[in-house]
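First the structure, in the form of structure tokens, and then the observations on it.
Only the coordinates and a few stated rules stand behind these numbers; no lab work does. All of these numbers come straight from a predicted model, not from anything done at the bench. Every residue, glycine as well, gets a Cβ built from its backbone with ideal geometry; the counts of neighbours run over all protein chains shown.
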Amino acid sequence: MHYDALVIGGGLAGCATACYLAEAGLSVALLERGEINRGASGQNAGSLHFQLEHRLIHHADALADELQHYVALTQVAIDHWRGIEAELESPLELAMHGGLMLAETDEDIGLLERKAAIEQAQGLEVTLLDAAQTQARAPYLSPAVRAALYCPHEGHCNPRLLTPAYARKAKRLGASIVTHCAVTETRRQGNRWRVRGALGSGEVCEWTSDVLVNAAGAWAMDLGRMANLHLPVFPVGLLMNVTERTALFIHHLIQHVGRRLSMKQVDDGNVLIGGGWSARLPQQHGQWLPGRPQVDMAALRANLRTALAVAPGIESLRVLRSWTGTTGITPDQLPLIGAVSRAPGYYVAAGGSGFTYGPTYARLLSELITRGEASHSLAPYSPDRFAHMNMFMG
Amino acid sequence: MRTDLAIVGAGPAGMAAARIAASHGLAVTVIDEQARAGGQILRQPPQAFRVDRWLTDRIYSPQQQLLRQSTELTNVRWLQATTVLGADLVAEGVRLQLNGAGGTCELTADRLLIATGCHDMPVSFPGSTLPGVMATGGIQAFIKSQQIVPGERFLFSGSHPLQLIVADQVLQAGGDVAAVLFSQPPSVIGQALRHSPALLPHPGKILYFSRACARLLRRGVPVRFGQVASCARGDGRLQSVEITASKTLQNGAPSRPVDSIDCDRLGIGFGFLANSQLASQLGASGHWSDTAGGWVAEVDAWMRSSLPGVYVAGETTGIGGADVAQREGELAGLAAALDAGVLPVDAANNQARPTRRALRSLYRFADLLSRLSHPGADLLRGLMTPDSTLCKCEEVSVGDVTTALKNNPFATDINALKLLSRCGMGLCQGRYCQYQLRSLLAEHRGEAVFQSRFPIKPVSIGELVSGTSDQIH
Ligand SMILES: Cc1cc2nc3c(=O)[nH]c(=O)nc-3n(C[C@H](O)[C@H](O)[C@H](O)COP(=O)(O)OP(=O)(O)OC[C@H]3O[C@@H](n4cnc5c(N)ncnc54)[C@H](O)[C@@H]3O)c2cc1C
Ligand SMILES: Cc1cc2nc3c(=O)[nH]c(=O)nc-3n(C[C@H](O)[C@H](O)[C@H](O)COP(=O)(O)OP(=O)(O)OC[C@H]3O[C@@H](n4cnc5c(N)ncnc54)[C@H](O)[C@@H]3O)c2cc1C
């Protein structure tokens with residue numbers, strides 16, 4: 001079977017890219033080894049965080065160009081999110097009611113002030129709040145919170161709903177969605193990609209395509225290997241916790257400038273607590289296994305302690321579940337999005353804050369694929385920045 | 001804290017294992033979330049409250065004897081009113097997360113026995129969440145532990161013979177029973193009799209059961225076959241129950257009530273499901289059984305699971321009743337001693353021999369019971385109207401799930417469906433909807449069961465952070 005494009009991976013990156021490619025009129029098949037949305041895309045915190053990350057703040061001077069690009073991209077993403085429920089014709093439990101980045105210590109405050117100055121200079125809408133203003137806006141926060149940076153666009157969306165909505169739309173637009181199909185081989189043959197996959201039944205299938213999109217998430221490196229490529233994406237395990245429902249009292253996305261924390265309350269009343277605490281990846285014979293990472297109780301307790309310190313009202317709430325997911329990170333923490341020059345027709349969409357930016361990355365990537373150029377440059381994310389890793393790959 | 005052998009569950013399986021392992025010198029810790037030992041079969045009254053004639057029937061005497069023996073053991077530590085929230089394999093063995101009176105803490109054990117028992121199989125039908133509709137086993141637990149009848153006029157609907165025993169216990173405790181409905185056709189009695197070789201070695205059970213039936217008949221309680229409660233009605237609480245012929249529902253036809261009975265309690269008794277969350281969270285191998293408890297752990301002849309140092313016994317390996325549970329517990333206790341190197345293999349084999357002999361015939365009996373007492377997938381599916389509540393915690397109806405399936409035809413595994421529909425995402429972690437949710441999936445291609453997560457039972461953030469973790473990473 002021949003397609004214009006084969007997309008490998010049924011997470012947000014894969015489903016959204018398949019959807020935009022199908023919308024642009026390409027014939028598309030998406031191959032997923034398990035079920036749609038069962039990877040990081042269905043297990044993440046669902047935070048829409050637009051404030052700058054640490055990395056960018058710490059090296060603001062050296063990264064001035066990148067900063068500018070990033071803030072401009074953030075603006076594109078914000079606009080994209082505002083229209084996404086209409087675009088996908090699905091309710092997604094989207095809330096963009098603002099987010100607070102908290103500070104408790106003098107050091108935190110210093111960092112926050114620096115951050116605010118950089119962001120404002122770049123044109124990102126943020127307001128620095130002192131203790132009293134923070135209390136007034138968010139009375140559920142502990143008096144220990146001495147300042148906060150408020151960004152009105154931040155919020156959350158339900159990861160349960162977003163990726164399936166893209167998958168449904170892709171299917172409506174004619175894309176074929178093949179689940180329980182693990183891709184085992186991708187080879188360049190003439191001017192086409194030849195892809196083999198093993199179906200759950202054991203049957204082996206083969207497809208050809210002009211374009212191949214590697215959207216295998218934390219496993220993008222493994223998939224890259226099948227095309228004789230080093231794509232530096234490394235799996236990490238992360239932890240999330242959810243409490244029982246309670247009356248709405250947390251009205252923002254809460255993050256912390258000096259500690260690992262993300263917290264929000266969804267419309268149904270559950271409080272979600274995470275923020276980058278690690279979970280142990282399963283391994284065997286020195287290889288990472290695709291299974292779910294193990295909860296690390298010390299990390300779990302530290303995560304909840306951090307949350308409790310800034311929001312004392314959560315103490316009596318019962319934790320329903322702690323879960324873990326595996327996401328992919330790159331050596332420079334920027335995503336890998338774009339074409340791989342040495343492998344014509346090979347594209348990658350992996351890494352980064354792939355929920356907040358996933359829809360936008362996918363749309364821009366599909367523009368790059370179908371028109372040769374994206375409406376907002378993807379240059380900083382080009383996989384070619386790691387071309388040196390493939391220099392000797394023959 | 002550490003221990004040689006941690007046992008989760010102080011029912012017949014856990015108590016029997018504790019007795020044997022302790023007798024071979026292992027330091028044993030038994031953890032159970034109930035205030036007192038005994039498990040489901042001996043649901044004990046609270047210590048403060050004296051019940052004169054607590055479970056006097058001879059049928060309970062083996063377990064009562066076991067309970068007496070167990071509580072006299074010296075090198076056994078009993079952590080009652082303590083819930084196991086989760087477990088993981090560590091270099092030293094198994095680490096358990098506990099939640100008891102003093103908050104949360106960790107217990108590291110060389111070995112772990114999971115003997116967590118079972119719970120009543122929940123069934124969805126219109127009105128199944130109305131106050132007054134109860135699990136039959138739940139009614140029994142109430143009577144056993146309190147000697148109080150939780151209602152006035154009872155109707156029982158189901159497929160499990162336990163219905164007759166509970167109906168009899170209700171009568172004896174002073175309640176009124178309107179009828180007992182069995183979804184199976186009357187020919188089920190003939191089928192049972194045809195298998196009498198499997199029944200004969202268990203005269204005590206048969207006698208107990210026959211006496212209960214005789215008492216019901218004497219009191220004029222109608223026992224009807226081929227009928228089922230298809231709708232519970234009432235204004236805020238149960239007032240009447242509609243009854244439909246099983247055949248109608250099995251054929252997928254809409255319910256056509258043949259009768260309606262006024263009552264304030266409806267007992268639902270279609271059998272039991274294994275409490276397998278802990279075993280599945282740890283990653284033990286298991287398989288799905290429609291008739292013997294849903295997802296059950298797989299064990300070898302010594303009740304060893306697929307995981308090193310982890311044993312499973314009792315209902316969690318497949319529903320078999322209290323006597324099977326007790327015998328499996330004995331084997332697990334021997335195996336723990338054997339694997340710990342304190343019991344030579346010959347001695348272990350010798351001691352296991354009578355237990356294995358007893359188990360052979362008990363398994364035959366249990367298999368027969370499981371097969372005959374299962375209502376069949378068609379009947380359960382027939383009861384599930386679109387409006388019926390499937391997931392009580394998240395208020396998801398059968399219709400919500402079938403719509404999600406229709407809109408997302410690429411979802412074929414139960415965890416994907418859970419993520420799409422919220423069914424199973426609530427307080428009980430899906431214990432109450434997993435079995436039925438599975439029946440809505442036309443084909444199963446992925447995982448067979450919900451991924452069981454920490455904590456197995458909800459625990460407050462305050463309790464969690466007050467605890468400590470030995471290992472900091
Ligand atoms: C706990 C957690 C919290 C997070 N919180 C946030 C947050 O709040 N905000 C945010 O922006 N980001 C967050 N992230 C990151 C975000 O979830 C990811 O960046 C994003 O979901 C990645 O999407 P993806 O489609 O690339 O990967 P995935 O969703 O993991 O999808 C990859 C898919 O590829 C499939 N696959 C792999 N190999 C093969 C093969 N050989 N053949 C076929 N299929 C294959 C996999 O089965 C998988 O389904 C979080 C991540 C985690 C784990
Ligand atoms: C309501 C009910 C009534 C029953 N009535 C009968 C009957 O009349 N006759 C009969 O033969 N069988 C009956 N059964 C079946 C009965 O369960 C078994 O016969 C027998 O009790 C099984 O023994 P067990 O040791 O496997 O489990 P159980 O006796 O069920 O013991 C398991 C114990 O594990 C504990 N536990 C479970 N999970 C955790 C956790 N995470 N942390 C801490 N503790 C935990 C529970 O509190 C329980 O005490 C009934 C079952 C139920 C559910």
P(r) over all Cα-Cα pairs of the range B:54-170, 10 Å bins from 0 to the longest distance, whole percent per bin, short to long, reads 10, 28, 29, 25, 9, 0
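Using a 10 Å cut-off on Cβ to Cβ distances, tally the other chain neighbours for every residue of A:36-44 and report the average as a whole number. Show your work: numbers first, answer last.
Numbers: counts 7, 6, 7, 0, 0, 0, 4, 1, 0.
Counting Cβ atoms of other protein chains within 10 Å of each residue's Cβ and averaging gives 3.
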With the 8 Å Cα cutoff and a minimum separation of six or more residues, the range B:256-398 has a relative contact order in percent of 17 percent
The long-range amide H neighbours of A:Leu48, using H built 1.01 Å from N in the peptide plane and a cut-off of under 5 Å, are A:Gly155, A:His156, A:Cys157
If each K or R counts +1 and each D or E counts -1, the residues other than B:Thr83 whose Cβ falls under 10 Å of its Cβ total -1
Scalar couplings 3J(HN,Hα) for the range A:243-253 by Karplus 6.51 cos²θ - 1.76 cosθ + 1.60 (θ = phi - 60°), nearest whole Hz, x for Gly and Pro, are 9, 4, 6, 8, 4, 4, 9, 9, 10, 9, 7
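Please give the peptides A:59-66, A:316-323 ranked by average Cβ packing (other Cβ atoms within 10 Å per residue), highest first, as a rough proxy for protection.
Working: A:59-66: 13.0, A:316-323: 20.5.
Listed from highest to lowest mean packing, they are A:316-323, A:59-66.
Rg/Rh for the range A:211-280: what does it come to with C-alpha atoms and Rh from Kirkwood? Walk me through the numbers before you get to the answer.
Values: Rg = 17.6 Å, Rh = 14.8 Å.
Value, to two decimals: 1.19.
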The ³J(HN,Hα) series, computed from each phi in the range B:292-298 with the Karplus coefficients 6.51, -1.76 and 1.60 at θ = phi - 60°, rounded to the nearest Hz and given as x for glycine or proline, is 10, x, x, 6, 10, 6, 8
Within the under-10-Å Cβ sphere about B:Gly318, not counting B:Gly318, Lys/Arg +1 and Asp/Glu -1 give a net charge of -4
Highest mean packing first, using Cβ neighbours within 10 angstrom, the peptides A:217-230, B:341-354 sort as A:217-230, B:341-354
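When the Kirkwood radius is taken over all Cα pairs of the range A:320-394, what Stokes-Einstein diffusion coefficient follows at 37 °C and 0.692 mPa s, in µm²/s?
Numbers: Rh = 13.5 Å.
Diffusion coefficient, whole number: 243 µm²/s.
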Bridge orientation stat for chain B from DSSP, antiparallel percent rounded to 5, came to 50 percent
For chain A, longest principal axis from Cα atoms; helix A:12-23 axis from its Cα atoms; angle between them, nearest 10 degrees, is 60 degrees
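Could you rank the peptides B:100-108, B:19-27 by their average count of other C-beta atoms within 10 Å per residue, with the highest value first? Please list the in-between numbers first.
Values: B:100-108: 16.6, B:19-27: 20.4.
The densest-packed peptide leads the list: B:19-27, B:100-108.
Quick one: putting +1 on the C-beta of Lys and Arg, -1 on the C-beta of Asp and Glu, what dipole do you get for the protein assembly as shown around its Cα centre, in Debye to the nearest 20?
Details: 76 positive and 75 negative charges, 574 e Å.
Roughly 2760 debye, rounded to the nearest 20.
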Taking Lys and Arg as +1 and Asp and Glu as -1, residues besides B:Pro354 with C-beta under 12 Å from its C-beta add up to +4
Along principal axes, largest first, the alpha-carbon spread of chain B in whole Å comes out as 63, 53, 43
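As a test, work out the antiparallel percent of DSSP beta bridges whose residues both lie in the range B:92-234, rounded to the nearest 5. Please list the in-between numbers first.
Numbers: 7 of 16 bridges.
So the antiparallel bridges in the range B:92-234 amount to around 45 percent.
Kindly put A:Phe392, A:Phe386, B:Phe272, B:Phe225 in sequence by how many other C-beta atoms sit within 10 Å of each C-beta, fewest to most.
Ascending number of Cβ neighbours within 10 Å: A:Phe392, B:Phe225, A:Phe386, B:Phe272.
Note down the magnitude of the dipole of chain B about its Cα centre, charges +1 on Lys and Arg C-beta and -1 on Asp and Glu C-beta and zero elsewhere, to the nearest 20 debye.
Roughly 1240 debye for chain B.
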For peptide B:411-420, the mean count of other chain Cβ atoms within 10 Å per residue Cβ is 5
For the range B:317-446, the Debye formula with one identical point scatterer on each Cα and no solvent gives log10 I(q)/I(0) at q = 0.13 Å⁻¹ as -0.73
Computed over the Cα atoms of the protein assembly as shown, the Rg and Dmax in Å are 29.7, 92
Taking every alpha carbon pair in the range B:215-291 and sorting the distances into 10 angstrom bins from 0 up to the bin holding the longest one, the percent per bin comes out as 14, 31, 27, 20, 8, 0
Here the convex hull volume per residue of the range A:54-120, taken over Cα atoms and given in Å³, is 106 Å³
The farthest towards the positive end of the charge dipole of the protein assembly as shown, of the residues A:Met263, A:Ala144, B:Pro344, given +1 on Cβ of Lys and Arg and -1 on Cβ of Asp and Glu, is B:Pro344
Sequence order, the range A:224-235: Karplus ³J(HN,Hα) from phi using 6.51 cos²θ - 1.76 cosθ + 1.60, θ = phi - 60°, Hz rounded, Gly and Pro as x, gives x, 3, 5, 10, 6, 10, 8, 10, x, 10, 10, x
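Under a point-charge model restricted to the Cβ atoms of Lys and Arg (+1) and Asp and Glu (-1), what is the dipole moment magnitude of the range A:151-274 relative to its Cα centre, in debye to the nearest 20? Mind showing how you got there, number by number?
Details: 15 positive and 9 negative charges, 53 e Å.
Computed about the Cα centre, the dipole is about 260 debye.
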Projected onto their principal axes, the Cα atoms of the range B:237-281 stretch, largest extent first, over whole-Å spans of 44, 29, 15
In whole percent, the Cα-Cα distances of the range A:11-83 spread across 5 Å bins from 0 upward as 3, 12, 15, 16, 17, 16, 11, 6, 2
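Per Stokes-Einstein, at 25 °C and 0.890 mPa s, what whole-number D in µm² s⁻¹ belongs to the range B:173-267, with the Kirkwood radius over Cα pairs as the hydrodynamic radius? Please list the in-between numbers first.
On the way: Rh = 15.4 Å.
D = 160 µm²/s.
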Expressed as a whole number, the average count of other chain Cβ atoms within 10 Å around the Cβ atoms of A:177-186 is 2
Amide H contacts under 5 Å for A:Val211, restricted to residues at least 5 apart in sequence or on another chain and with H modeled in the peptide plane, are A:Ala5, A:Leu6
hull vol. (C-alpha, convex hull) per residue for chain A, Å³ -> 142 Å³
Candidates A:Gly155, A:Gly42, A:Gly313; GNM for chain A (alpha-carbon contacts under 10 Å) flags as most fluctuating A:Gly313
In degrees rounded to 10, the 0-90 angle between helix B:398-407 Cα long axis and the longest Cα principal axis of chain B is 80 degrees
